[in-house]
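The values are calculated or read from the model by the stated rules, or taken from the named source; none is laboratory data. Because the structure is a prediction, the values reported are computed rather than measured. Please note: Cβ atoms are built from the backbone with ideal geometry, for glycine as well, and neighbour counts cover all protein chains shown. Only protein heavy atoms, including side chains, enter the accessible area calculation; ligands, DNA and RNA are left aside. Shrake-Rupley method; radii C 1.70, N 1.55, O 1.52, S 1.80 Å.
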Amino acid sequence: MKQIFTLLPTLLLFLSACQQQPKTPIFDDGTAQLWNAEQGPFYHSVASGDPTAQAVIIWTRVTPEFEGEVKGSWTVAGDKEMQNIVQQGEFTTNADRDYTVKIDVQGLEPDAYFYYQFAAFGKKSPVGRTKTAPADSTDQVKLAIVSCSNYEGGFFNAFGRIAEIEDLDAVLHLGDYIYEYAVGVYGDTTLGRHHLPNKELVALQDYRTRYSQYRLDPDFQLAHQMQPFITIWDDHEISNNAYQSGAQNHQPDEEGDYEIRKSAARQAYYEWLPIRENETQQLYRNFSYGKLVDLIMLDERLAGRYPQVDSVTQEDYNNPERSMLGKEQLAWFKNQLQQSQAQWKVIGNQVIFSNLDITAVGWRGLVNTDAWDGYPAEQKEIIQLIKNNSIPNIIFVTGDTHRNWAFEVPESIAAYKQNPDATVAVELGTTSISAPNADERQTTDEVLEIERRSMDPLFNPHLKYNNQRDHGYILLAITADSAVANFQVVESIKTPNTNQRTDKTAIVKNGSHKLIIK
Ligand SMILES: [Fe+2]
């Protein structure tokens, strides 16, 4: 009895402390309306990425009911029933990383499928599927190549189709994974897919909310759950036409310090995407798919890009100091190209590398000054390096334009007109998942005429295929004999729709820079 009286004041103190400090419910940023209640607390499902022959990043987000540290566990298995457990461990996460979880699972077998799952609060996440890269020889590497997924612009039907591919090695997302605009600025507000938050992204919480919304889309979730992603940002993960020290869509008077905005955008990107964080703090990085493919992912926005010129007549246009990659990345890229022992070299590129006469496309100016044509000294330096070292089997894969392209990369358009063998590589440009292209503004007949003019040998003799109407992705299958790119286009982005077709196939044979279009 005496003991109880002694403990009573302590107990009362504890109870009143509990009453004084109620648990704070998690902040609802507006995305809770999109939650699938049965999936909680793993509303954002799971994802994997940056595969090597021995390791892969697995990712989830646990959304707790109340603020505070979250503890949980993860499991990797060889079967989708999660019986044959290969590895397991524990994690903690908290508000500092927006309750996201990233595990770099090491010591895996090469060229194999694995399944993974997280657990927290007595609940289990959906089971994800991933694949390690081959270590040595392999018959085929198959990649889905995507860019420009604008939630407000349309349904992510293409992601739904990518999720269904059985034998894919990875999805390469070449940027514009999100769009930074406020509601109604660059989308179709008739579809009911209004951007959250409803304002332009500037602060860390804005970017986090936008990623959360995109990753609550069922098709996007399924693609991440079923396939490993290798991602690189383009401009809209920060702000339109971004470069190292500014962006077209950044006015310091309105949006404040660009460095602060950039660091918020970068933090949210690293939190929400299954990217391996390395010591260099740089996003550009390489992946090896055994003896068959080296994949070189470039950062053409934040690593070292100089501001765009307004026009080619600007004095600074040909200044050799003006860089797309920055000195360090350029040296790294040149080294990668020269040292690569793999048969094929795939370059994960954001903006078009090939020369392109845009007067035929009907765009403003003579060249796209935001693309490599806007940085001619560095563009020529890379072309010369490939040519002088006779580096074979280079495939640039490119996003940004919301249109499909297949180029034989010329030494220059003038050189190509003289001799169609004056080429150094091929370039495959993918259309958008859902960001608008010419079809949203012009009639199909008008767009077909633009495509015909764009490919007119008088303007762009090296451009072998162009589609400015459709949305979808490239399915690229690489073997020792050839690289075969199927340009997959979806029937619609205006409604959920599972229909797709192959618009064209571009083939490049081992040792050639010539495209066969079927
Ligand atoms: Fe885009």
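Where residues in segment 349-372 are open to solvent by 10 Å² or more (accessible area, probe 1.4 Å) and without any contact (Cβ under 8 Å) to a residue 40 or more places away in the chain, which of them is farthest from Ile478 (Cα to Cα)?
Arg364
For segment 161-212, name all the residues that are in contact with a helix residue (DSSP H, G or I) (Cβ under 6 Å, 6 or more places away or on another chain), basic (Lys, Arg) and in a loop (DSSP other than H, G, I, E, B).
If the condition is that a residue be in contact with a helix residue (DSSP H, G or I) (Cβ under 6 Å, 6 or more places away or on another chain), basic (Lys, Arg) and in a loop (DSSP other than H, G, I, E, B), then Arg193 is the only one that fits.
Out of everything in segment 170-196 that is among the small types (Gly, Ala, Ser) and open to solvent by 30 Å² or more (accessible area, probe 1.4 Å), what residue ends up being nearest to the ligand (Cβ to nearest atom)? Please lay out each step first, then the result.
So in segment 170-196, the residues among the small types (Gly, Ala, Ser) come out as 170, 175, 182, 184, 187, 192.
Now restrict to residues that are open to solvent by 30 Å² or more (accessible area, probe 1.4 Å): 184, 187, 192.
On the way: Gly184: 17, Gly187: 12, Gly192: 21 Å.
Step by step, filter segment 170-196, then rank; the result is Gly187.
Just give me the residues in segment 48-82 being over 30 Å from Ala135 (Cβ atoms), in a strand (DSSP E or B) and open to solvent by less than 10 Å² (accessible area, probe 1.4 Å), in sequence order.
Step one: of segment 48-82, the residues over 30 Å from Ala135 (Cβ atoms) are 61-72.
Checking which are in a strand (DSSP E or B) leaves us with 61, 66, 70-72.
Matches in segment 48-82: Val70 only.
Between a first residue in segment 427-453 that is in the same structural domain as Ala371 (by TED's automatic domain parsing) and a second residue that is within 16 Å of the ligand (Cβ to nearest atom) and acidic (Asp, Glu), which pairs have beta carbons less than 7 Å apart while being 6 or more apart in sequence or on different chains?
Thr431/Asp470; Ala435/Asp176; Val447/Asp439
Consider segment 387-403. How many of its residues are more than 16 Å from the ligand (Cβ to nearest atom) and closer than 22 Å to Asp299 by Cα?
5
Which of the residues that make up segment 159-169 are within 16 Å of the ligand (Cβ to nearest atom) and open to solvent by 10 Å² or more (accessible area, probe 1.4 Å)?
Selection gives nothing.
Out of Gly107, Gly122, Gly153, which single residue is surrounded by 21 or more Cβ atoms within 10 Å (Cβ to Cβ) and farther than 22 Å from Gly348 by Cα?
Gly153
Looking only at residues in segment 120-156 that are in a loop (DSSP other than H, G, I, E, B), within 30 Å of Val185 (Cβ to Cβ) and not aromatic (Phe, Trp, Tyr), which one is nearest to the ligand (Cβ to nearest atom)?
Cys148
Those residues that are more than 15 Å from Met226 (Cα to Cα) and of a type in the set (Gly, Ala, Ser), I need them from segment 163-195; list them, please.
Gly175, Ala182, Gly184, Gly187, Gly192
Looking at segment 240-348, what helices (runs of 4 or more DSSP H) fall wholly within it and have at least 2 residues that are within 22 Å of Tyr207 (Cβ to Cβ) and open to solvent by less than 10 Å² (accessible area, probe 1.4 Å)?
Helices (runs of 4 or more DSSP H) meeting the threshold: 258-272.
Tell me yes or no: at least one residue of segment 218-230 is in a loop (DSSP other than H, G, I, E, B) and either within 16 Å of the ligand (Cβ to nearest atom) or more than 23 Å from Thr430 (Cβ to Cβ) (or both).
Within segment 218-230 (the criterion being in a loop (DSSP other than H, G, I, E, B) and either within 16 Å of the ligand (Cβ to nearest atom) or more than 23 Å from Thr430 (Cβ to Cβ) (or both)), the answer is no, since none of the residues qualifies.
Is it the case that segment 421-433 has a residue that's within 16 Å of the ligand (Cβ to nearest atom), under 21 Å from Leu143 (Cα atoms), touching a Cys at 6+ places or on another chain (Cβ under 7 Å) and part of a loop (DSSP other than H, G, I, E, B)? Give the derivation first.
Step one: list which residues in segment 421-433 are within 16 Å of the ligand (Cβ to nearest atom), which gives 429-433.
Still in the list and also under 21 Å from Leu143 (Cα atoms): 429-433.
With the extra rule that they be touching a Cys at 6+ places or on another chain (Cβ under 7 Å), the set shrinks to 432-433.
With the extra rule that they be part of a loop (DSSP other than H, G, I, E, B), the set shrinks to 432-433.
Yes; the residues of segment 421-433 include at least one that is within 16 Å of the ligand (Cβ to nearest atom), under 21 Å from Leu143 (Cα atoms), touching a Cys at 6+ places or on another chain (Cβ under 7 Å) and part of a loop (DSSP other than H, G, I, E, B).
Please work out which one of (1) under 30 Å from Tyr115 (Cβ atoms); (2) surrounded by fewer than 18 Cβ atoms within 10 Å (Cβ to Cβ) is the condition Arg210 fails and give its number.
Only one criterion in (1) under 30 Å from Tyr115 (Cβ atoms); (2) surrounded by fewer than 18 Cβ atoms within 10 Å (Cβ to Cβ) is unmet by Arg210, namely (2).
Inside segment 154-168, can you point out the residues that are out of contact with any Phe, Trp or Tyr (no Cβ under 7 Å at 6 or more places or on another chain) and not aromatic (Phe, Trp, Tyr)?
Once the filter is applied, which keeps residues that are out of contact with any Phe, Trp or Tyr (no Cβ under 7 Å at 6 or more places or on another chain) and not aromatic (Phe, Trp, Tyr), segment 154-168 yields Gly154, Asn157, Gly160, Arg161, Ala163, Glu164, Ile165, Glu166, Asp167, Leu168.
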